[in-house]
1. Return the pairs, sorted by first residue and then second, in which the second residue is part of a helix (DSSP H, G or I) and acidic (Asp, Glu), the first residue lies in the range 84-107 and is without any contact (Cβ under 8 Å) to a residue 40 or more places away in the chain, the beta carbons are less than 7 Å apart, and the residues are 6+ apart or on different chains.
2. Scanning the range 78-97 for residues that are hydroxyl-bearing (Ser, Thr, Tyr) and buried (at least 16 other Cβ atoms within 10 Å of the Cβ), which turns out nearest to the chain's Cα centre (by Cα)?
3. If I filter the range 16-54 down to residues being among the polar types (S, T, N, Q) and closer than 13 Å to Pro92 by Cα, which single residue comes out as farthest from the chain's Cα centre (by Cα)?
4. Pick from the range 1-40 the residues that are at pLDDT below 90 and charged (D, E, K, R): which of them is nearest to Thr104 (Cα to Cα)?
5. Looking only at the range 32-44, count how many residues are out of contact with any Gly (no Cβ under 7 Å at 6 or more places or on another chain), part of a helix (DSSP H, G or I) and surrounded by 15 or more Cβ atoms within 10 Å (Cβ to Cβ).
6. Condition test on Ile13, is it touching a residue at least 40 places away in the same chain (Cβ under 8 Å), surrounded by 14 or more Cβ atoms within 10 Å (Cβ to Cβ) and over 17 Å from the mean Cα position of the chain (by Cα)?
7. Here is a list: Ala101, Ala154, Ala161, Ala146. Which entry is closer than 28 Å to Glu36 by Cα, among the small types (Gly, Ala, Ser) and buried (at least 19 other Cβ atoms within 10 Å of the Cβ)?
8. Out of the residues in the range 108-129 that are free of Cβ contacts under 8 Å to residues at least 12 places away in the same chain and closer than 30 Å to Tyr155 by Cβ, state the one that is surrounded by the most Cβ atoms within 10 Å (Cβ to Cβ).
Amino acid sequence: MTNRNESQRDRMIRVDQAGEFGATRIYAGQLAVMGESATHSAEIRAMAEQEAAHRAEFDALLVRRGVRPTVLQPLWSAAGYTLGAATALIGPEAAMACTAAVETEIERHYTRQLETLQQTGEDPELAGMIERFRDDEREHHDTAMASGAERAPAYALLSAAIRLGCRVAIRVTERV
């Protein structure tokens, strides 16, 4: 659980690194099911590469600042891969619906973090990372929507369930 002396910034770094890791696992699951030549695989691969770059930056920041990673990483690895594979099995639009839902929550999460950091004026390095990554996540959302996310079977239900899962994962990972 959270150490009382642990800073809010440490929790931000931990949850953001875990989120970027989870995103790479979602895309890995989607690509494993869809293959290289499937509809939207090029878009998914490009987004996966950006998420991997985000993760690498957060990995380095974790080490440099001595922030402990979440102990739930094995769970998020399996959950992310399973979510990606399951949505891809439904179809390319469902894979895109997954991306749109995840990125909606991540954009909101990053915006809240950025507002907190800007209010205090602390940690411009972290604020800059979050702002850059948030902008990438917005692009991922827009790509997913333009690629037919809303045409996925039961889009509203699928999106709501994934968004709820993201919110729960964020809250738990901040602490564990």
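The values are calculated or read from the model by the stated rules, or taken from the named source; none is laboratory data. Given the structure is predicted, the values throughout are model-derived calculations rather than measurements. For neighbour counting, all protein chains shown are included, and Cβ atoms are generated from backbone atoms with ideal geometry for every residue, glycine included.
1. Close Cβ pairs (under 7 Å, with a partner that is part of a helix (DSSP H, G or I) and acidic (Asp, Glu)) amount to Glu107/Glu137.
2. Here the residue is Tyr81.
3. Ser37
4. Going through the qualifying residues, I end up with Glu36.
5. Number satisfying all stated conditions: 4.
6. Numbers: touching a residue at least 40 places away in the same chain (Cβ under 8 Å): yes; surrounded by 14 or more Cβ atoms within 10 Å (Cβ to Cβ): yes; over 17 Å from the mean Cα position of the chain (by Cα): no.
Considered against the rule, which asks whether it is touching a residue at least 40 places away in the same chain (Cβ under 8 Å), surrounded by 14 or more Cβ atoms within 10 Å (Cβ to Cβ) and over 17 Å from the mean Cα position of the chain (by Cα), Ile13 comes out as no.
7. None of the others qualify; the one that does is Ala101.
8. Arg108
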